[in-house]
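For reference, the structure discussed in these notes is given below.
The values are calculated or read from the model by the stated rules, or taken from the named source; none is laboratory data. Computed from a predicted structure; not experimentally measured. Here the Cβ positions follow ideal geometry from the backbone for every residue, glycine too, while neighbour counts run over all protein chains shown. Accessible surface areas use protein heavy atoms only, side chains included; no ligands, DNA or RNA. Shrake-Rupley method; radii C 1.70, N 1.55, O 1.52, S 1.80 Å.
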Amino acid sequence: MLKARVNKSAKREFECRILDSGELITATALGNLLKGDENTIVVGDYVMIDDKKIVEVLPRTNEIYRLIIREQKKKVTASNCDLLVIVSSISRPEYKRGIVDRFLVRAHQWGIRPLMVFNKMDEYDDFKDEVDIKFEFDRMDKLGIECFELSAADASYKPRYLTLGLDELKNRLHHKTSIFLGQSGVGKSRLISQVSDGKITLLSNEVGKVGKGKHTTTWSEIVDCETMSLIDSPGIRSFGVEDLLEEELITYFPDIEEGAVHCKFSNCDHNENSKGCYFYSKLDQNAYETKLVMSRLESYLRMKEEISQTPSYLKK
Ligand SMILES: Nc1nc2c(ncn2[C@@H]2O[C@H](COP(=O)(O)OP(=O)(O)OP(=O)(O)O)[C@@H](O)[C@H]2O)c(=O)[nH]1
Ligand SMILES: [Mg+2]
Ligand SMILES: [Zn+2]
């Protein structure tokens, strides 16, 4: 028997890398491993293979998953990841802070360390008025999340506003499995090509296209670079958090949780009129620091509202 890792997964066929020899093979799987739903063998899984057949899936250290509450289903897309690379574009598709915060919630939920890439910086001069990159950087920095400023279209681009660029990103990814997440069109596939020094090309689009993504990537798959494993993923279309429980949400916002303990009432709504609310009564609303916190509070409250609209009996 051989130990291998699943690089690509279709319905019944799996591209696997044998760990000892490095050989790539296509394997099928024992029927009972495919029963139930489609989550039984996913990209990133370590498996035991016997005669080109997967006979066992080894326990996962973590999973990238979604709960589809209306179908009472858990949908897993990948497993065993060390890093979550949140990719955003500062031009088009439009940068959305709320989406970044939603990915951070998922990173907590999945137990994967996040880092943040601001991509398409070559176009930033035209979008300066829409996105204050320094502000976005500072709010991540406060959460201890590293930010990188890149242009996947131009590898020679050197960071102007932040400090970390492509070389630093490559260093962080060494000897790790990293999954790239972000809206369609932000440049995940192109970035993976850059990180792999052009050895891997995942797309045929020309450079410089602006606008909404086209969902070029349709499968999650592992791209093996010499010393790192990168997982490309299809641009996520739905950012809803309705599958979460109201009481768990705050644990995914440690910064808000820390402030909220100082509110006078434990069921504080954290709005301007809430009596004794820490965020409104204790913080100087004009201070830059406060603006960073309030931008997080806004995301939290929006998600909380969304969660409250789904009856909790559906989330058993
Ligand atoms: N100007 C500029 N264009 C970029 C940059 N990165 C990617 N692009 C372009 O943006 C478009 C989308 O890039 P992709 O890498 O396919 O985006 P993706 O995130 O993989 O999209 P999906 O696979 O749909 O999720 C392509 O036309 C890229 O050439 C960049 O840094 N600057
Ligand atoms: Mg792609
Ligand atoms: Zn409050």
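Of the helices (runs of 4 or more DSSP H) entirely within the stretch 254-316, those holding at least 1 residues that are more than 16 Å from ligand 2 (Cβ to nearest atom), of a type in the set (A, V, I, L, M) and within 19 Å of residue 142 (Cα to Cα) occupy 254-260, 288-308. Residue pairs whose Cβ atoms lie under 8 Å apart, sitting 6 or more positions apart in sequence or on different chains, and linking a residue in the stretch 85-112 that is touching a residue at least 24 places away in the same chain (Cβ under 8 Å) and of a type in the set (D, E, K, R) to a partner that is open to solvent by less than 10 Å² (accessible area, probe 1.4 Å) and assigned to a loop (DSSP other than H, G, I, E, B), are 102/241. Taking the stretch 16-76 and the strands (runs of 3 or more DSSP E) fully enclosed by it, the elements with 1 or more residues that are over 25 Å from residue 113 (Cα atoms) are at 24-29, 46-50, 53-57.
Are any residues in the stretch 77-112 assigned to a strand (DSSP E or B), in contact with a Phe, Trp or Tyr (Cβ under 8 Å, 6 or more places away or on another chain) and closer than 28 Å to residue 141 by Cβ, and if so, which ones?
Hits for the stretch 77-112 are 84, 85, 86, 87, 88, 89.
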